[in-house]
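Notes follow the structure.
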Amino acid sequence: MDSNSETYILEVENLWKVFAKDKIECNLYDAAAVGKLEAAGGVVAVRDISFKIKRGEVFVIMGLSGSGKSTLIRCIPRLIDPSSGRIMMNGDNVSEMDQEQLTEFRRTKAAMVFQHYGLLPHRTVLENVSFGLKLRGVEQKDREMKAEQAIEQVGLKGWEAHYPSQLSGGMQQRVGIARALVQETDLLLLDEPFSGLDPLIRREMQEELLRLQEQLHKTMVFVTHDLSEAVRLGDRMAVMKSGEFVQEGTPQEIIMHPADEYVQRFVQDEQKIALMMEQDNKPSNVRTLPVRSGGCSDKAVSGTRR
Amino acid sequence: MFPEALEYHVAPYISNFVKWLLHTCGPAFDAFSNSLITIMVQIEHGLLFIPWWLWAIGIMFLSWRITRHIGKTILPAVLLMTIGMLGLWDVAMETLSIIIVSVVLALIIGIPSGIAMAVSNRVNTVFTPILDAMQTMPSFVYLIPALMLFHLGKVPAVVATVIYAVPPVQRLTNLGIRQVSESVQEAALAFGATPWQLMKEVRLPLAMPSILAGINQTTMMALAMVVIASMIGAGGLGEKVLVATNRIDVGGGFEAGWAIVVLAIIIDRLSQGAAGKFDNTNIQR
């Protein structure tokens, strides 16, 4: 194993996902052929995307709905099978795994948090959190002990015996996060986890996630449509539009130097805030742009405005 | 008038086919017939062995577990008593034993095939028109092949009843599994569920309310068919109705009809209540 694959935990190379009725046989790099595919009703959801994520890094993929960001994140554990491209995780080639290896990968290497929680309505909080361990065949006693710990980590102690329908949205997503944490995977995949929550709760959950990240140093791929969320959470981020990365960099780079007019439109509000901050020279009231390297800090995002 | 030259009958072919079937597979049918009748006699003995007061207590106990309501607990037991008071106790137990055997067989066939329909679209496309046909066909039609293959008596009655009662549970099993939320299934897959684990841990438990509704429907269909099957010698309450109809004995017909209604009410309430208890997907605060 070379040093390169040690620093990068996840490497995605030239990933394509084309939804089409028939099997795709054309060369995806032939623009005319792809155009033909699209004309025939095919949809290119992910278009030749490559990125690398370091261990302990939070990588945010931001884009509007329909930009392909949810498809992209689902391609990593192959909930959606990519049409072409390579996914390397810790030196293992995910894209070439057979069904058995893939199941093992999903059980031990990557855990996912969903926008719509995806909790089992007929199971209690405790059973939901220990669900992944049950699938792995962990003994009931052991898995419940681990689940208890994860439930405590996300601040739901005392709710173990409740059912998801008895919980508020924010609490349900805490269960979703606990269910992912209990897997003790290196990689966490979060698909718009806080988009369904109201703004105050969303803010609270973001801070919760930063707090957890400070303890756990997970590697995260975080999908969102909310720029302020991306800025608050991301070490690095990419802006996605119709299946492509328009720009990739640190949140600061993207806000200060938007690559094109599309990104510019996204970030103009954030720029205004930054400008106001300079004029007023009152950084305590206004959110500062977090400049984080390595470990993240709550203080960088402790502004009151969202 | 339709031209006579265009007349064409399939009846002889079908009759010949059934004759051929009987000729070649006769022993198999007999063996099936004998084992089924043995089971049924055993069950009937078992049902009659339980004294009437134990029946009443048992039904009150179950109703109480389900409803927690005094009136709804006592009423089914009182209704059951009226069957005995009309002198139809033994006959009702005979009917009940046919229903039990038919429903068990219908579930053994219906639930797995419903699961197969949910898992495979191809199986679904094959079964859907068959089920449609089975449900639109008048129930009397099922009596004919059953009668031909198994002669008169309880066995053809059970066969006809099973055919008639399978569709609801099969359809509702299929529907229930297909209706399980995609996002829950996706989450289970993301955590490494195998297809079997997905079925066992997620799809079947979440389809349970629908499956139980199917079981309830199947049971009610079986009861209806058992009455009709008295025409081919099923015995039981249906026979009483049949005899009363033939003799224009309005009173006798009413008594037997009443007993059937009572059975229907009790079975329906109990199975629906049990389904409600199982319905763990809508737990409210």
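Across the range A:112-129, computed HN-Hα scalar couplings (Karplus, 6.51 cos²θ - 1.76 cosθ + 1.60, θ = phi - 60°) run 10, 10, 10, 4, 9, 6, x, 7, 7, x, 8, 10, 6, 3, 4, 5, 5, 5 Hz from first to last residue, x flagging Gly and Pro. For the range A:19-165, a crude dipole built from +1 on the beta carbon of Lys and Arg and -1 on the beta carbon of Asp and Glu, taken about the Cα centre, is about 240 debye to the nearest 20. Each of B:Ala118, B:Leu204, B:Gly235 was placed along the dipole of chain B (beta-carbon charges, centred on the mean Cα), and the one lying farthest toward the positive end is B:Leu204. With a cap of 15 neighbouring Cβ atoms within 10 Å, and only residues DSSP puts in a loop, list the GluC sites (Glu not before Pro) found in the range B:1-72. Answer by residue number: B:Glu7. Between A:Asp30 and B:Asp268, the modelled label-to-label distance comes to 6.6 nm, taking each label 7 Å out from Cα in the direction of the beta carbon. On the protein assembly as shown, 59 percent of the accessible area sits on carbon and sulfur atoms, based on a 1.4 Å probe.
Look at the stretch A:120-130: the mean tally of other chain Cβ atoms within 10 Å of its residues' Cβ atoms is 3. Around the amide H of A:Thr219, modelled in the peptide plane, lie the amide H atoms of A:Gly56, A:Leu188, all under 5 Å away and 5 or more residues distant in sequence or on another chain. Per residue, the protein assembly as shown exposes 49 Å² of accessible surface when a 1.4 Å probe is rolled over the protein heavy atoms with every protein chain present. Loop-located trypsin sites (Lys or Arg not before Pro) in the range B:39-130 (DSSP state not H, G, I, E or B) with no more than 13 neighbouring Cβ atoms inside 10 Å: B:Arg68. Averaged over peptide B:126-136, the number of partner chain Cβ atoms lying within 10 Å of each residue's Cβ comes to 0. Toward the positive end of the charge dipole of the protein assembly as shown, with +1 on the Cβ of Lys and Arg and -1 on the Cβ of Asp and Glu, the farthest Cα among A:Val129, B:Ala244, A:Gly85 is that of B:Ala244.
Here the contact order of the range A:210-277, divided by its residue count and restricted to Cα pairs under 8 Å and six or more residues apart, works out to 21 percent. Less than 5 angstrom separates the built amide H of A:Val246 from those of A:Val239, A:Met240, A:Lys241, all sequence-distant by 5 or more or on a different chain. The mean number of Cβ atoms from other chains found within 10 Å of a Cβ in peptide B:191-203 is 5, as a whole number.
Given their separation in residues at 0.36 nm each and the Cα-Cα distance between them, A:Tyr262 and A:Asp142 gain 38.2 nm when the chain is fully extended. Chain B contacts chain A over a buried accessible area of about 2100 Å², both sides summed; the probe is 1.4 Å and only protein chains count. Between the range A:18-37 and the range B:183-241, the alpha-carbon centres lie 45 Å apart.
Two numbers describe the Cα atoms of the range A:152-240: Rg and Dmax, which are 13.0, 41 Å. Considering only B:Val241, B:Val159, B:Val41, the mean-square fluctuation computed in a Gaussian network model of chain B, springs between alpha carbons under 10 angstrom, is largest for B:Val41.
In the protein assembly as shown, the inverse of the mean reciprocal separation of distinct Cα atoms equals 29.0 Å; this is its Kirkwood hydrodynamic radius.
Determine the dipole magnitude for the range A:175-271: charges of +1 sit on the beta-carbon of Lys and Arg, -1 on that of Asp and Glu, nothing else is charged, the reference point is the Cα centre, and the result goes in debye to the nearest 20.
On the way: 9 positive and 19 negative charges, 33 e Å.
In debye, rounded to 20, the range A:175-271 gives about 160.
Within the shell of other residues whose beta carbon sits under 12 angstrom from the beta carbon of A:Arg106, the net charge comes to +2, with Lys and Arg scored +1 and Asp and Glu -1. For the cross-link pairs A:Lys109/A:Lys134; A:Lys17/A:Lys241; A:Lys69/A:Lys272, the ones whose C-alpha atoms lie over 18 Å apart are A:Lys69/A:Lys272. Sparse packing (at most 11 other Cβ atoms within 10 Å of the Cβ) combined with a DSSP loop state is found for the following chymotrypsin sites (Phe, Trp or Tyr not before Pro) in the range A:1-86: A:Tyr29.
Each label was represented as a point 7 Å from its Cα along the Cα-to-Cβ direction; for A:Thr108 and A:Gln215 these points are 2.5 nm apart. Between A:Gln252 and B:Trp64, the FRET efficiency from the beta-carbon distance, with R0 = 60 Å, is close to 0.30. Backbone phi angles across the range A:43-56, fed through the Karplus curve with coefficients 6.51, -1.76 and 1.60 (θ = phi - 60°), yield HN-Hα couplings of 10, 8, 8, 10, 10, 6, 9, 10, 7, 10, 10, 7, 4, x Hz in residue order; Gly and Pro are listed as x. Please figure out what share of the DSSP beta bridges in the range A:124-249 is antiparallel and state it in percent, rounded to the nearest 5. Here the share of antiparallel DSSP bridges comes out near 50 percent.
Top mean-square fluctuation among A:Ile255, A:Ile61, A:Ile80, Gaussian network model of chain A, C-alpha springs under 10 Å? Evaluated over chain A, the most mobile residue of the options is A:Ile80. Dipole of the protein assembly as shown computed with +1 at Lys/Arg Cβ and -1 at Asp/Glu Cβ about the Cα centre; of A:Gly243, B:Gly26, A:Ala180, farthest Cα towards the positive end is A:Ala180. Shown for chain A is the translational diffusion coefficient from the Stokes-Einstein equation, using the Kirkwood radius over Cα pairs, a temperature of 4 °C and a viscosity of 1.567 mPa s: 63 µm²/s. Charging the Cβ of each Asp and Glu at -1 and of each Lys and Arg at +1, and nothing else, the dipole of the range B:127-278 about its Cα centre rounds to 140 debye. When both the range B:1-46 and the range B:76-148 are represented by their alpha-carbon centers, they are found 18 Å apart. Between A:Glu38 and B:Tyr8, the modelled label-to-label distance comes to 5.5 nm, taking each label 7 Å out from Cα in the direction of the beta carbon.
Long hydrophobic helices in chain B, taken as whole DSSP H segments with a C-alpha length of 30 Å or more on their own axis and mean Kyte-Doolittle hydropathy at least 0.5: B:11-49, B:89-119, B:154-178, B:204-228, B:250-278.
The values are calculated or read from the model by the stated rules, or taken from the named source; none is laboratory data. Because the structure is a prediction, the values reported are computed rather than measured. No Cβ is skipped: glycine too gets one built from the backbone with ideal geometry, and neighbour counts run over all protein chains shown. Each accessible area value is taken on the protein alone, full model and side chains, heavy atoms only, with ligands, DNA and RNA left out. Shrake-Rupley method; radii C 1.70, N 1.55, O 1.52, S 1.80 Å.
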